[in-house]
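These notes are about the structure you will find just below.
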Amino acid sequence: MKKIAVLGSTGSIGTQTLEIVRTNKDIEVTALAAGRNIDLLERQIREFTPKLAAVWEEDLAAELKNRIRDLQVEVASGMEGLLAVAAQEESEMLVTAIVGMIGILPTIEAIRAGKDIALANKETLVTAGHIIMPLAEQYHVSILPVDSEHSAIFQSLQGGQRKALHKILLTASGGPFRGKKREELRDIRVEDALKHPNWAMGRKITIDSSTMVNKGLEVIEAKWLFGVSVDQIQVVVQPQSIIHSMVEYEDGAVIAQLGTPDMKLPIQYALYYPERRYLPGDRLDFGTLAQITFEKPDMETFYGLKLALEAGRKGGSLPTVFNAANERAVALFLDRKIGYLEIPEIIQSCMEAHANISSPTVDEILQTERETYEFINHRW
């Protein structure tokens, strides 16, 4: 019986993780953490009976504690609560399904406690990959990717020679605005940007997919996960979302992972690696599949991707600025306080104003995040 803790249990990845637990019945959930959705968290606690639960806000944690006073469940709050979930003695693996740089400290805590990491929190590696990956090696901890693209790369590397890897081909759907030019995006509404053609995801990541910023974050994440340079990663638009990513070896062989767009596949692969389990759901039908097409990404219209590649190449604290600026800009757009095209404009302004730190500590990373937020707050 594998024992897991889940950070972000009420979000898209968290709920799908618990679906897999529900279906397989041989994983024990020892701890759950959520942000504000204590209604769903209470239902999860009553179903999966963890020993520990955490809620970000103290008042909501107090309310949850009162609601489940009939159960033997400890309730914690704030960062202290997330760290307690991350390092909980009973768990073997931490699923990091929360969004944002809030995931850095709990991931570090879990690694130091010897937990394997099922990583869905890309911001952790984007901003602190130079800290996380050596730490995981030091503590002999596995970092197992949950993002569909990184899982596809990871799967395509199984049985291959990592040292013979020549290039990663990171696929992108192109989002809802593929083929449009910048002028056509000027009056895009929140509702338009939330209509992803293939994937059902959370609001923030759906906006990131529409701007292709998400693909830029994935490039930086892949750099750390697989020990390659940014220039060894090629973004390829594959609109049908059938090929989830590929690797090219030195001899020219290209290995790809294909499947229907279902996030439960990479989640389940991470939870049970190296075992493969039956997963209910649709299967690819090559008899009816009309075509799989490819395009180059339009990095002039979607220049958030170009900015990400710049941040990834320069490294240091610049990826933190890129990530933090995007987080705040997307929040402003979702609150209808800025226009859609202002998202990459804000990112670029923040990057240009930043004095890069070559190898930032965790404290410097978090300080850079705060400074980026302050820069935006004073100008937008």
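I need the trypsin sites (Lys or Arg not before Pro) found in segment 159-230, filtered to DSSP loop residues with at most 11 other beta carbons within 10 Å of theirs.
Qualifying residues, ordered by number: Lys181, Arg186, Arg189, Lys195.
What is the distance, in nm, between label points placed 7 Å from the Cα along the Cα-to-Cβ direction at Leu334 and at His378?
2.6
Using unit Cβ charges (K, R positive; D, E negative) and no other charged atoms, how large, in debye to the nearest 20, is the dipole of the chain about its Cα centre?
With Lys and Arg at +1 and Asp and Glu at -1, about 540 debye.
Could you sort the peptides 102-113, 263-274 by per-residue average Cβ neighbour count (10 Å cutoff), highest mean leading?
Result, highest mean first: 102-113, 263-274.
By what distance, in whole Å, do the Cα atoms of segment 184-323 stretch along each of the three principal axes, largest value first?
41, 39, 29 Å, listed from the longest principal axis down.
With N denoting the number of residues in segment 277-371, provide Rg(C-alpha) divided by 2.2 N^0.38 Å, to two decimal places.
Ratio of Cα Rg to 2.2 N^0.38 Å: 1.50.
Segment 1-79: which GluC sites (Glu not before Pro) are DSSP loop and have at most 16 other beta-carbon atoms within 10 angstrom? Mind dumping the intermediate values first?
Values: sites: Glu19, Glu28, Glu42, Glu47, Glu57, Glu58, Glu63, Glu74; in loops: Glu57.
Those that pass, being in a loop and sparsely packed, are Glu57.
Could you work out [θ]222 nm for the chain from helices alone, using -39500 (n - 2.57) per DSSP H run of at least four and dividing by all its residues? Round to the nearest 500 deg cm²/dmol.
Calculated at 222 nm, the ellipticity per residue is -14000 deg cm²/dmol.
When ligands, DNA and RNA are left out and all protein chains stay put, how many square angstrom of accessible area per residue does the chain have with a 1.4 Å probe?
The answer is 44 Å² per residue.
How big is the Kirkwood radius of segment 1-142, worked out from every pair of different alpha carbons and given in Å to one decimal?
The Cα-based Kirkwood calculation yields 14.8 Å.
What's the center-to-center distance, using Cα atoms, between segment 150-217 and segment 20-89 in Å?
31
Step through the residues of segment 74-91 one at a time and calculate ³J(HN,Hα) from phi using the Karplus curve (6.51 cos²θ - 1.76 cosθ + 1.60, θ = phi - 60°), rounding each to whole Hz and writing x for Gly and Pro.
6, 10, 10, 9, x, 4, 4, x, 4, 5, 5, 5, 4, 9, 3, 4, 6, 7
Mean separation of Cα pairs under 8 Å and 6+ residues apart, divided by the residue count of the chain: what relative contact order is that in percent?
14
Computed FRET efficiency, Cβ-Cβ of Arg112 and Lys296, R0 56 Å: what is it to the nearest 0.05?
Plugging the Cβ-Cβ distance into 1/(1 + (r/R0)^6) gives 0.85.
What per residue convex hull volume, in Å³, do the alpha-carbon atoms of the chain yield?
142
Quick one: pull the percent of accessible area on the chain belonging to carbon and sulfur, 1.4 Å probe, ligands and nucleic acids left out.
C and S atoms contribute 48 percent here.
Step through the residues of segment 237-242 one at a time and calculate ³J(HN,Hα) from phi using the Karplus curve (6.51 cos²θ - 1.76 cosθ + 1.60, θ = phi - 60°), rounding each to whole Hz and writing x for Gly and Pro.
7, 10, x, 7, 6, 9
Just list whichever of Lys115/Lys204; Lys180/Lys306; Lys65/Lys115; Lys215/Lys296 have alpha carbons separated by over 19 Å in the model shown.
Table pairs above 19 Å Cα-Cα are Lys115/Lys204; Lys65/Lys115.
Please list, or write none, the aspartates and glutamates whose alpha carbon is within less than 13 Å of the alpha carbon of Lys25, excluding same-chain residues fewer than 8 places away.
Here the aspartates and glutamates satisfying the reach criterion relative to Lys25 are Glu47.
How far apart, in nm, are the 7 Å Cα→Cβ label points at Gln367 and His166?
A separation of 4.5 nm, rounded to one decimal place.
Determine which residues of segment 39-73 fall in the zone a paramagnetic label at Arg22 would reach in this model, i.e. backbone nitrogen under 12 Å from the point 7 Å along Cα→Cβ.
Counting only backbone N, you get 43-45, 47-48.
Apply the Karplus curve 6.51 cos²θ - 1.76 cosθ + 1.60, θ = phi - 60°, to the phi angles in segment 328-342 and return the couplings in whole Hz, x for Gly and Pro.
Rounded to whole hertz, the list is 5, 5, 5, 4, 5, 5, 5, 7, 6, 9, 9, x, 4, 6, 6.
Assuming 0.36 nm per residue, please report the length gained on full extension of the stretch Lys195 to Ile357 beyond their Cα-Cα distance.
The span from Lys195 to Ile357 would gain 54.6 nm if fully extended.
The values are calculated or read from the model by the stated rules, or taken from the named source; none is laboratory data. All values derive from a computational prediction rather than experimental measurement. Backbone-built Cβ (ideal geometry, glycine too); neighbour counts: all protein chains shown. The area values use the complete protein model at the heavy-atom level, side chains included, leaving out ligands, DNA and RNA. Shrake-Rupley method; radii C 1.70, N 1.55, O 1.52, S 1.80 Å.
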